[in-house]
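The values are calculated or read from the model by the stated rules, or taken from the named source; none is laboratory data. What you are looking at is a predicted structure, and each value in this text was computed from that prediction instead of being measured. Cβ: placed from backbone, ideal geometry, glycine included. Neighbour counts: every protein chain shown. The protein model used for the area step is the full one, side chains on, heavy atoms only, and it has no ligands, DNA or RNA in it. Shrake-Rupley method; radii C 1.70, N 1.55, O 1.52, S 1.80 Å.
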Amino acid sequence: MSVHQENVRRVTTRRLQEMKNRGEKISMLTAYDYTMAGIVDNAGVDVILVGDSASNVMCGNTTTLPITLDQMISFAKSVSRATQRALVVVDMPFGSYQGNSLEAVASAIRIMKETYCDCLKMEGGEEIIDSVKRIISAGIPIMGHLGLMPQSINKYGSYTVRAQEEDEAAKLIRDAHLLEEAGCCAIVLEKIPAELATKISKELSIPTIGIGAGGGTDGQVLVLHDMLGLNCGFSPRFLRRYANLNEIMNNAIRHYVSDVKSGDFPNEQEQY
Ligand code: KIV
């Protein structure tokens, strides 16, 4: 399917809800730049997430914490420019919303004004609920994010599966309901037991989108660079690799280097 030739109908938060209502699974992938976002959009992905995983994938940091609001805005602008059909969701970076709800709404408005994205994503439940409500009351759609929340990695101490214990699972269920009541349009569930994710997905009327949360959620999300095999150092159980672009690119670049060294490139047809 190529969406760029047709007169496309944009995916909206309302259409995500319609997908859940009729049992159609939602596909979501990350993108951080114009070229990749254009490819992802053209291939028919429903939601493009400008994730703060850009901190790792694009900036080489070991966590998502260092990425700034300015950096996220820069990535998101490029993605929005390339996208004709998908809903564009932007992660609010660490430090841009945890302080208080006024700071949170100021950060949210800045992202919306400068990037032309459609929706924002925030990590957390009860702790950030005032900020979530205030941002939604400003007319900005919010996607929640529960389970493994990488912005809290220093609190957890590891990227292991979350909510395996009863207490944490009970809090996660409460938080999911709070986010739905606050008006979130969807919730990402990251790295939690499949049974728990399925239960939450059945209880909530808004869509859930899982990563490492099994097949019972209303949609799935992966980091583009991971599923394309660009980033070979990361292979958790939930990751299905759809290509080995690292190898393909490596071979192509080696071939280029060898052609330059040998004088084979450029040839007579490749010059003026
Ligand atoms: O930043 C990100 O890429 C994410 C996904 C893993 C859901 O939040």
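Assorted remarks:
- Measuring nothing but how far apart in sequence close Cα pairs (under 8 Å, 6+ apart) lie, relative to its length, the range 1-138 scores a relative contact order of 23 percent.
- Annotation: per residue accessible area for the range 1-88 equals 46 Å², rounded to a whole number [probe 1.4 Å, protein chains only].
- Charged-residue dipole, Cβ positions (Lys, Arg, Asp, Glu), the chain about Cα centre, Debye nearest 20: 420 debye
- Helix axis angle, 166-182 relative to the chain longest principal axis, alpha carbon, degrees: 90 degrees
- Percentage relative contact order, the range 131-272, counting C-alpha pairs under 8 Å, at least six apart: 16 percent
- Per-residue extension of 0.36 nm, minus the Cα-Cα distance of Asp264 and Asp70, leaves a gain of 65.5 nm for this segment.
- With the highest mean first, a sort of the peptides 29-36, 7-14 on other beta-carbon atoms found within 10 angstrom per residue produces 29-36, 7-14.
- Using a Gaussian network model of the chain in which every pair of alpha carbons under 10 angstrom is joined by a spring, one finds that among Pro93, Pro66, Pro207 the greatest mean-square fluctuation is at Pro66.
- Applied to the range 200-211, the Karplus parametrisation 6.51 cos²θ - 1.76 cosθ + 1.60 on θ = phi - 60° returns per-residue 3J(HN,Hα) values of 5, 4, 6, 6, 7, 8, 7, x, 10, 10, x, 9 Hz, with x for Gly and Pro.
- 29 Å Cα-Cα threshold exceeded, pairs from Lys113/Lys171; Lys113/Lys133; Lys77/Lys261; Lys77/Lys202; Lys113/Lys191: Lys113/Lys171; Lys77/Lys261; Lys77/Lys202; Lys113/Lys191
- For Ala186, the residues whose amide H sits under 5 Å from its own are Gly144, ignoring neighbours fewer than 5 places away on the same chain, with H placed 1.01 Å from N.
- Note on the chain: GNM, Cα springs under 10 Å; of Ala76, Ala252, Ala106, the largest mean-square fluctuation is that of Ala252.
- Thr63 versus Tyr256: modelled label distance in nm, points set 7 Å from Cα along the beta carbon direction: 3.5 nm
- Carbon plus sulfur fraction of accessible area for the range 45-90, probe 1.4 Å, in percent: 47 percent
- Rounded to the nearest 500, the helix-only mean residue ellipticity at 222 nm of the chain stands at -12500 deg cm²/dmol, with each DSSP H run of n ≥ 4 adding -39,500 (n - 2.57).
- Exposed loop positions in the chain were taken to be GluC sites (Glu not before Pro) whose DSSP state is not H, G, I, E or B and which have at most 15 other beta-carbon atoms within 10 angstrom. Between these positions, the longest stretch is 25-164.
- Stokes-Einstein D (µm²/s) once Rh is taken as the Kirkwood radius of the range 1-102 over alpha-carbon pairs, at 25 °C in 0.890 mPa s: 170 µm²/s
- Principal axis dimensions, largest first and in whole angstrom, of the range 204-272 by Cα: 64, 27, 11
- Apportionment of accessible area to carbon and sulfur, the range 181-272, percent (1.4 Å): 52 percent
- Percent breakdown of C-alpha pair distances by 10 Å bin, ordered from the shortest bin, for the chain: 7, 28, 35, 19, 6, 4, 1, 0
- Charge dipole of the range 1-133 about the Cα centre (unit charges at C-beta), most positive-ward option of Ala43, Leu69, Met28: Ala43
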